[in-house]
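The values are calculated or read from the model by the stated rules, or taken from the named source; none is laboratory data. These numbers come from a predicted model, not from an experiment. Ideal geometry is used to build each Cβ from the backbone, glycine not excepted, and the neighbour counts take in all protein chains shown. Heads up: the accessible areas ignore ligands, DNA and RNA and are worked out on the full protein's heavy atoms, side chains in. Shrake-Rupley method; radii C 1.70, N 1.55, O 1.52, S 1.80 Å.
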Amino acid sequence: MYLTEEELPKFWYNVKAHMNSGHAPFINPATQLPCTEKDLQKVFCDECIEQELNDTDELIKIPEGILDFYKMFRPSPLVRAYFLERLLNTPAEIYYKFEGNNTSGSHKLNSAAAQAYYAKKQGLKELTTETGAGQWGTALSMAASFYGLKLTVYMVKVSAEQKPHRREVIRTYGADVIPSPSDTTDAGRKILAEFPGTGGSLGCAIAEAVEKAVNTPNCKYVLGSVLDHVLLHQSVIGQECKIAFEKYGIAPDVIIGCCGGGSNFGGLIAPFMGEKLQGKNNIEFIGVEPASCPTLTRGKFAYDFCDSAKTTPMAKMYTLGCGFMPSPNHAGGLRYHGMSPVVSQLYHDGHIRAVAVEQSAVFEAAVKFAKCEGILPAPESSHAIKAAIDEALECKRTGEKKRILFGLTGTGYFDLSAYKQYNDGAMTDYIPTEADLKRGFDSIPKCKVNEGLA
């Protein structure tokens with residue numbers, strides 16, 4: 001299902017407008033009080049802060065300068081997976097929203113374009129960011145190049161080593177790539193001293209990127225997931241899905257997305273969740289995460305830092321602890337220790353179901369999908385494919401005909417080292433022990449806002 005340029009959404013959808021009280025505010029760790037706009041201005045662009053703190057407006061207009069950029073790769077197709085349905089012999093209808101039809105290979109470009117546009121509008125000259133698997137770093141390098149901004153990307157070290165071609169795409173667009181943790185920042189040096197030989201984490205990379213941003217003139221930090229304004233920008237995905245379904249007079253019964261920091265899943269479900277909160281549908285929402293980094297299914301709902309160096313504001317979210325270090329043998333992405341406060345609150349309130357899956361089963365589903373649907377999916381997206389297959393097989397068992405929608409948020413062409421592990425039979429599954437999780441939980445701040453946390 002292809003929409004025309006004229007059908008491209010002109011507004012982002014702010015699901016917080018329909019949440020009873022939004023979510024708990026960010027906390028300034030120095031004062032233990034809710035963050036003000038002034039607190040956030042040290043790190044983020046002004047208009048992103050305004051969107052971050054907006055809990056009331058359902059629709060937020062997309063500026064023409066961003067719509068012009070979007071038209072290079074949007075609207076993206078909503079595809080019915082007829083061949084996967086046939087392979088599974090299921091009565092279910094399976095649809096996927098394909099966000100891989102741009103050079104960055106993922107949905108990340110939706111927010112990268114917006115944040116780079118706002119930075120340019122504010123008169124900034126430079127940006128810093130983190131990237132894990134590299135999709136966000138690639139997307140932001142494209143947007144920064146387009147809007148004429150210098151960019152430094154702190155890339156999780158194990159990903160920089162496993163995905164050299166992704167790193168080179170980022171560099172081709174003019175950005176500097178620094179494997180993290182590095183010796184270029186105080187945060188990086190401290191982490192290296194505490195964890196010699198570590199492969200790094202998104203929390204480490206965020207800490208370094210924030211430190212560089214606050215110490216560099218005319219520079220701000222931008223984040224590729226987790227924060228409310230990032231989920232807002234990604235709501236263009238869900239908006240397009242809704243328009244396409246309505247165009248054909250149908251609606252999904254189940255919506256599935258992979259969950260790392262929450263941007264893809266939050267953006268996919270936003271307009272549908274808004275209607276569910278108003279009692280207008282009864283859609284089931286499923287967030288899928290790796291068993292090796294089980295933030296929703298085994299994490300704690302607490303205030304925690306978004307970075308390993310404990311320099312950012314504290315967010316109330318499901319977290320494994322900012323000191324949690326994911327296993328380096330996990331090749332499937334989605335390695336962040338925390339979850340979007342919006343997604344966390346919706347999950348805590350019972351509006352979302354979460355499942356955790358092991359990576360060998362994820363790659364088995366990815367290969368099955370690639371063989372019958374002709375797209376090599378990103379490992380992250382393949383978590384959603386695995387859950388969609390499971391739901392379709394349950395429909396086969398019960399005879400129920402459901403419409404299942406999942407987000408295919410990226411392509412896997414830069415993840416071939418992971419596919420090689422799977423093809424060689426060398427892929428291993430890792431599930432953290434209770435002792436592993438306790439080490440992460442011990443890093444959750446013991447402070448007034450977390451009093452009574454077990």
(request) Hey, could you check the stretch 433-454 for residues that are part of a loop (DSSP other than H, G, I, E, B), among the hydrophobic types (A, V, I, L, M, F, W, C) and open to solvent by less than 60 Å² (accessible area, probe 1.4 Å) and say which is farthest from residue 363 (Cα to Cα)? (result) 447
(request) Give the stretch 346-362 a look and list any residue that's closer than 14 Å to residue 293 by Cα and assigned to a strand (DSSP E or B), or say none. (result) 354, 355, 356, 357
(request) Filter the stretch 140-176 down to residues that are β-branched (Val, Ile, Thr) and farther than 19 Å from residue 225 by Cα and give me whichever is modelled with the lowest pLDDT. (result) 158
(message) Suppose the filter is closer than 23 Å to residue 408 by Cα and buried (at least 24 other Cβ atoms within 10 Å of the Cβ); does residue 283 pass it?
(response) no
(message) What are the pairs with Cβ atoms under 6 angstrom where one residue, in the stretch 85-102, is free of Cβ contacts under 8 Å to residues at least 60 places away in the same chain and closer than 9 Å to residue 410 by Cα and the other, located anywhere, is surrounded by 19 or more Cβ atoms within 10 Å (Cβ to Cβ) and among the polar types (S, T, N, Q)? Sequence gap at least six, or different chains.
(response) 101/76
(request) For the stretch 377-424, name all the residues that are open to solvent by 70 Å² or more (accessible area, probe 1.4 Å), free of Cβ contacts under 8 Å to residues at least 60 places away in the same chain and closer than 26 Å to residue 110 by Cα. (result) 416
(message) Being part of a helix (DSSP H, G or I), in contact (Cβ under 8 Å) with a residue 24 or more places away in the chain, surrounded by 14 or more Cβ atoms within 10 Å (Cβ to Cβ) and not small (Gly, Ala, Ser): is that true of residue 430 here?
(response) no
